[in-house]
Amino acid sequence: CSGDQLECQLAWMKTELKLTDAQFDRIKAIHEASSPRLLALAAQVARMRDEYAAFERERVTADRVDFVEFARFVDQRRAIDRECLDSTRRLVDATSGVMTPAQRAQYLGMLPPALKARNFSSAN
């Protein structure tokens, strides 16, 4: 696939789900709109991974655990994980809302249960 990277990443949907050009354009726009938030969350996850690695190195080196710091880390990680899941669910929900019922069923069938859309207010 050459050209727009997002279009290339979503091309499988157009083929597999037999999306119309209008559906594909709308789904691409939905993904473009959500991309900055998802990229910011991915950066937070990477930062948390680095912080945890540093925390673990200190724990091993010092042979002690700062339980307050660890609890803070766990709380932050849970909040980021929740936001990642919620953001992804909103993306799935908006994307599936553009689809016909048959396309939606096929699309949702490809996803893990935790990501399946819950609100079809904009569904066809």
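With all pairs of separate Cα atoms included, the stretch 3-124 yields a Kirkwood hydrodynamic radius of 16.7 Å. Each residue of the stretch 45-59 is assigned a 3J(HN,Hα), and the resulting list reads 4, 4, 4, 5, 4, 5, 4, 5, 4, 5, 4, 5, 4, 5, 4 Hz, derived from the Karplus form 6.51 cos²θ - 1.76 cosθ + 1.60 (θ = phi - 60°), x at Gly and Pro.
Peptide packing for 45-55, 17-27 was compared via the average number of neighbouring C-beta atoms within 10 Å per residue; ordered from the highest value, the list is 17-27, 45-55. Roll a 1.4 angstrom probe over the protein heavy atoms and tell me the percent of accessible area of the chain that is carbon or sulfur. Carbon and sulfur: 56 percent of the exposed surface of the chain. The modelled label-to-label distance for the pair D86/F55, using points 7 Å beyond Cα in the direction of Cβ, is 2.1 nm. Per residue, the solvent-accessible area of the chain (1.4 Å probe, heavy atoms of protein chains only, all protein chains present) comes to 64 Å². Just the Cα atoms of the stretch 1-48, one point each, no solvent: what log10 I(q)/I(0) does Debye give at q = 0.27, 0.30 Å⁻¹? The Cα Debye sum returns log10 ratios of -0.97, -1.07. Computed from Cα atoms, the angle from the helix 5-17 axis to the main principal axis of the chain rounds to 60 degrees. Angle between the Cα long axis of helix 67-96 and the longest principal axis of the chain, 0 to 90 degrees, nearest 10? Helix 67-96 and the main axis of the chain meet at about 0 degrees.
The values are calculated or read from the model by the stated rules, or taken from the named source; none is laboratory data. Everything numeric here is computed off the predicted structure, so don't read it as measured data. Neighbour counts are summed over all protein chains in view; Cβ atoms, including those assigned to glycine, are modelled from backbone coordinates with ideal geometry. When the accessible area is computed, the model is the full protein with side chains, heavy atoms only, and any ligands, DNA or RNA have been set aside. Shrake-Rupley method; radii C 1.70, N 1.55, O 1.52, S 1.80 Å.
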